[in-house]
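Let me begin by presenting the structure, written as structure tokens, before commenting on it.
The values are calculated or read from the model by the stated rules, or taken from the named source; none is laboratory data. No experiment lies behind these values; they were computed from the predicted model shown. Virtual Cβ from ideal backbone geometry, glycine too; neighbours counted across all protein chains shown. Only protein heavy atoms, including side chains, enter the accessible area calculation; ligands, DNA and RNA are left aside. Shrake-Rupley method; radii C 1.70, N 1.55, O 1.52, S 1.80 Å.
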Amino acid sequence: MRLLNLLKIAFKAIVLNKTRTLLTMLGIIIGVASVIAMLAIGEGSKESIRTTISSMGSNMITVRPGADDRGPARGSGGNVQTLTLKDYQKIKEETSLLSYMTPVVNGGGQVINGSNNWPSTIYGVNPEYLDIKVVGLQSGSMFTDAEVSSASKVALIGQTVVENVFPDGEDPVGKMIRFNNIPFKVIGVLEEKGENTFGQDQDDVVIAPYTTVQKRILAIDYLNQIMASAISEDDAPEAVTQVTNILRSQHQLLDSEDDDFTVRSMEELISTFSSTSEMLTILLVAVAGISLLIGGIGIMNIMYVSVKERTKEIGLRMAVGAKGADILMQFLIEAILISITGGLLGVILGLSATVFIENFLNWPTSVALYSIVISFAVCAITGIFFGWYPARKASALDPITALRYE
């Protein structure tokens, strides 16, 4: 029997049992659709995380004070004052892989303009901060190094602060505001950035010279952190190592002592979040894969029923010259057709579900070609694996016994 005839016989058998075939396909359809949708959600999440974190400065490196193990008591990173301006100057002098760098001090307080006030956070930085954070100006200008040196009371504000302390829509540039009763002249407004990956409003900020914030707001002589930007993303890991070695030498740490600071790059943060997202995606795909397994079992069961119902037909075909291999191929092709047809419908359903999720649930999705390829491959394997045994049983029937079967 030629392959074309086998395909016609298999197709005819499927058409004659439409309802049963559709129910058999159901597990495959749901399984394939689930795999495509889950992988799309996983890929979309990873891309969204990478895009959002990169928008904070893809080459950004942060140095924060860490826990100090050298004394009898261990303090938390927020209480240990291990970063100073000397550390900042030392890194700036000796590093060769950083393009921009700024000290950072920050604190919370009330932004006041007349009768309007708003709780916000003030960041004390130098003019390179905007380049590190990849933030533009909507209006006005950044303060200068001279204004940093003189601890001038000038500030830039984000869109959230503008909306709450200048609710009438007036231009804030040139106006005076107060932060914890310290007057500041607004010299610029930052471009809107929205929320970051952690749900933090990046527009709810006040930016001022770090010298001003240190002396007039916080009354401290240490730094909360140091922010820098590597020359390129590829140089970020080596830059982290370089900064770590410089600070260990500056802090005179022995080889046996742990760092009293923490150096992190955005690439590490992206990698951490991507790994978490991948684990979740694998879990979801594993759950979706159960539907494919159930669909495969359904194919095997229905093929068993088909073999039983068509035992006389099998006996007749074998009696007129059909070989066992022909019978095997006949039922195997039927199982593969059911599986692949279910896979096609599953792909359509999966892509439709992805569009629905993105447009109506507002979840980021990204359909990867490999998810469709894998789904089809699994469908074919499922059809062959679960269709082979019933087909093998059919091909092994004795023609005389099959013809006498009631």
*For Val154, list long-range residues whose amide hydrogen, built 1.01 Å from N in the peptide plane, is under 5 Å from its own amide hydrogen.*
Lys185
*Roughly speaking, to the nearest percent, how much of segment 83-259's 1.4 Å accessible area is carbon and sulfur?*
43 percent
*Take Leu23, Leu85 and sort them by solvent-accessible surface of the protein heavy atoms, 1.4 Å probe, largest at the top.*
Leu23, Leu85
*Report the net charge of residues surrounding Thr212, where surrounding means a beta-carbon distance below 12 angstrom and charges are Lys +1, Arg +1, Asp -1, Glu -1.*
+3
*Amide H contacts under 5 Å for Gln138, placed H, 5+ residues apart*: Val189, Leu190, Glu191
*For segment 83-259, what mean projected area does the convex hull of the alpha carbons give, in nm²?*
11.1 nm²
*From largest accessible area down, sort Asp235, Asp203, Asp168; use a 1.4 Å probe on the protein chains.*
Asp168, Asp235, Asp203
*Ordered by residue, what ³J(HN,Hα) values in Hz, to whole numbers, does segment 229-243 give under the Karplus form 6.51 cos²θ - 1.76 cosθ + 1.60, where θ = phi - 60° and Gly and Pro are x?*
10, 5, 4, 8, 4, 5, 7, 4, x, 5, 5, 4, 5, 5, 5
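Using the structure shown, select from Lys323/Lys393; Lys90/Lys153; Lys92/Lys153; Lys153/Lys193; Lys133/Lys215; Lys86/Lys193 the pairs with a Cα to Cα distance greater than 21 angstrom. Write down the numbers at each step before the final one.
Values: Lys323/Lys393 13 Å; Lys90/Lys153 27 Å; Lys92/Lys153 25 Å; Lys153/Lys193 25 Å; Lys133/Lys215 24 Å; Lys86/Lys193 32 Å.
Violating the 21 Å Cα-Cα cut-off are Lys90/Lys153; Lys92/Lys153; Lys153/Lys193; Lys133/Lys215; Lys86/Lys193.
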*Roll a 1.4 Å probe over the protein heavy atoms and report the accessible area of Glu163 in Å², nearest 10.*
120 Å²
*Near Lys18, which lysines are there with a Cα under 20 Å away, not counting those fewer than 8 places off in the same chain?*
Lys8, Lys308
*What accessible area per residue comes out for segment 83-259, rounded to a whole number of Å², with a 1.4 Å probe?*
46 Å²
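Note down the net charge around Glu147, summing +1 for each Lys or Arg and -1 for each Asp or Glu among other residues with Cβ under 14 Å from its Cβ. Can you show the working numbers first?
Working: positive: Lys153, Lys185, Lys215, Arg216; negative: Glu128, Asp145.
The answer is +2.
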_Heavy-atom SASA rank of Leu218, Leu253 (probe 1.4 Å, accessible area, largest first)_ = Leu218, Leu253
_Interchain or long-range residues, amide H under 5 Å from Asn106's placed H_ = Gly124, Asn224
*Counting only DSSP beta bridges with both residues in segment 135-262, tell me the antiparallel percent, nearest 5.*
70 percent
